[in-house]
Amino acid sequence: MRYKKFKDKQNKLYHSSRWKKIRLIVISNYNFKCCRCGKITKEKDLIVHHIVYLNKDNIDDDEIAYGLDNLEPVCINCHNKEHFKKKKKREIEFDAEGNIINVIDND
Ligand SMILES: [Zn+2]
Ligand SMILES: [Zn+2]
């Protein structure tokens with residue numbers, strides 16, 4: 001299934017040292033602030049969100065996956081809102097670092 005391959009790539013991305021570096025740059029550029037609600041929080045409570053969502057067609061595109069223009073820090077609440085408002089059928093699970101560990105498509 002193609003979907004599984006995407007998930008593998010996504011896992012790899014979120015565990016790469018490149019991502020971890022970019023993540024910290026994004027968070028410190030925004031002074032540890034959620035860009036949606038303005039809440040200032042700990043680095044580990046912020047999720048670096050892809051404005052253009054990652055999908056199987058764009059995950060290999062560096063500008064999308066690692067581009068600073070496509071990344072913004074959001075707190076867990078705002079991140080949940082962002083993802084759930086658009087795709088109600090999709091359930092996303094996060095680990096403590098805010099990385100996506102599971103995506104369930106119910107359609
Ligand atoms: Zn927020
Ligand atoms: Zn996101």
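Any read-out appearing in this document is the output of simple, stated calculations on the displayed coordinates, not a laboratory observation. The shown structure was predicted, so the numbers you read here are calculated from the model rather than taken from an experiment. Cβ atoms come from the backbone with ideal geometry, glycine included; neighbour counts cover every protein chain shown.
In table form, for the structure just shown:
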{"item": "Semi-axis lengths, Å, the stretch 2-105, gyration tensor of Cα atoms, sqrt of 5 times eigenvalues", "result": "21, 17, 12"}
{"item": "Neighbourhood charge, 12 Å Cβ-Cβ cut-off, centred on L46 and excluding it, Lys, Arg +1 and Asp, Glu -1", "result": "+2"}
{"item": "In Hz, Karplus ³J(HN,Hα) per residue of the stretch 10-16 (6.51, -1.76, 1.60; θ = phi - 60°; x = Gly, Pro)", "result": "5, 4, 4, 4, 5, 9, 6"}
{"item": "For H49, residues with placed amide H under 5 Å, excluding near neighbours", "result": "E72, V74"}
{"item": "In nm, spacing of pseudo-spin labels at V52 and S16 (7 Å Cα→C-beta vector)", "result": "1.6"}
{"item": "Helix 17-29 vs. the chain, principal-axis angle (Cα, 0 to 90°, nearest 10)", "result": "40"}
{"item": "Cut-off 12 Å between beta-carbons: net charge of the residues surrounding Y66, Lys and Arg +1, Asp and Glu -1", "result": "-1"}
{"item": "Segment D61-I25, extension gain: residue separation times 0.36 nm, minus the distance between their alpha carbons", "result": "11.1 nm"}
{"item": "Unit charges on C-beta of K, R, D, E only; dipole of the chain, Debye", "result": "240"}
